[in-house]
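The values are calculated or read from the model by the stated rules, or taken from the named source; none is laboratory data. Just so you know, these numbers come straight off a predicted model, no measurement behind them. Cβ placement follows ideal geometry from the backbone for every residue including glycine, while neighbour counts extend to all protein chains displayed. Side chains included, ligands, DNA and RNA excluded: accessible areas come from the protein's heavy atoms. Shrake-Rupley method; radii C 1.70, N 1.55, O 1.52, S 1.80 Å.
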Amino acid sequence: MERQKDTTPDLILIVAGDPGQLTGGYVYDARMVVELRRRGWRVAVTGLDGRFPDPDATAWRSLEAALTASPDGARVVIDGLAMGGLPEVVERHADRLAITALVHHPLADETGLDEESQRRLFESEARALAAVRRVIVTSPYTARGLSRFRVPEACIRVVEPGVERAALAASALDLEAVGRSGRLLCVATLTPRKGHDLLVEALAGLADRDWECEAIGSHDRDPAHAARLIAATRRHGLADRLRWPGERDAAGLAEAYHGADLFVLPSHYEGYGMVV
């Protein structure tokens, strides 16, 4: 009688929403999966429904279902965006599963939160982190920051993003471009933490200079903030010079980097800052 092939995953990765999102954190998660599979690991990826990081009932049910479906003893990695707001769900399964938290940056450090939201997210994430066996972070800076959550150093591992070499930008090969203001590029999701409002104001003060800027990044994470940025651009008369094209795939990003003279990132806070 032929034996059935074991299809039990070696690792289950759980993320908030669509795993294919084009932000630094999601790209990090995706590359982790690719490299583990290249090493022969069976990795299952689950994208959760609902609202995160301040979860709604749909998010609660989605994480509960994902963990309930995981077999006893399974290795489960939960991205911090999905985990931090649902400590009670993590606690229910912590003894049965080998859960690891993947923290890109603490939820309460997001720019634009009021004091009550910061307190609520901090307490929630601290409780969730206390329930897991280990924590992966993407930078030594973030690792140090977890001391506020009383996470033991022995439970933390730093796994920094890798770097792929790219061809030199066209301007680096053009001696005539030296000293030219030229083409600016910013790559960041349009959220308050990324500081695009500072970029708009700074460029408005340089209206007499020769520049154009492309700010690539999703408008969907905070549509109201994105709308305010576009309105400010028009108010300053910069609509023809400061463009907001939305997300780009890997090929589109590579093209944008290759054509840029200067990269700018006005973030208030970065757990790692993969675009840099």
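Brief remarks follow.
- Prolate/oblate/rounded label for the range 170-263 (Cα gyration tensor, a/c 1.5): oblate
- Under a Gaussian network description of the chain, with springs only between Cα atoms under 10 Å, the residue in Ala101, Ala204, Ala188 that fluctuates furthest is Ala204.
- The distance between label points at Ala172 and Asp220 comes to 3.2 nm (points 7 Å beyond Cα on the Cα→Cβ vector).
- Heavy-atom accessible area per residue - the range 38-174, 1.4 Å, Å²: 55 Å²
- The range 11-158: C-alpha gyration tensor shape, a/c 1.5 cut-off, then a/b vs b/c: rounded
- Largest to smallest in accessible area, the residues Glu153, Glu35 fall in the order Glu153, Glu35 (1.4 Å probe, all protein chains included).
- Whether the range 107-224 is rounded, prolate or oblate, judged on the alpha carbon gyration tensor where a/c under 1.5 counts as rounded: oblate
- Overall, the accessible surface of the chain at a probe of 1.4 angstrom is composed of carbon and sulfur to the extent of 51 percent.
- Positive contributions from Lys and Arg (+1) and negative ones from Asp and Glu (-1), summed over other residues with Cβ under 11 Å from the Cβ of Asp222, come out at +2.
- Note on Asp10 and Asp240: the extension gain reaches 77.7 nm, defined as 0.36 nm multiplied by sequence separation minus the Cα-Cα distance.
- A helix-only calculation puts the chain at -10000 deg cm²/dmol for mean residue ellipticity at 222 nm, using -39500 (n - 2.57) for each DSSP H run of at least four residues, averaged over all residues.
- Contact order, relative form, for the range 151-276: 38 percent (alpha carbon pairs under 8 Å, 6 or more residues apart, mean separation divided by residue count).
- Site pair Trp60 and Arg42 shows an inter-label distance of 3.4 nm when each label is modelled 7 Å from Cα along Cα→Cβ.
- Angle between the chain longest axis and helix 250-259 axis [Cα atoms, degrees, rounded to 10]: 30 degrees
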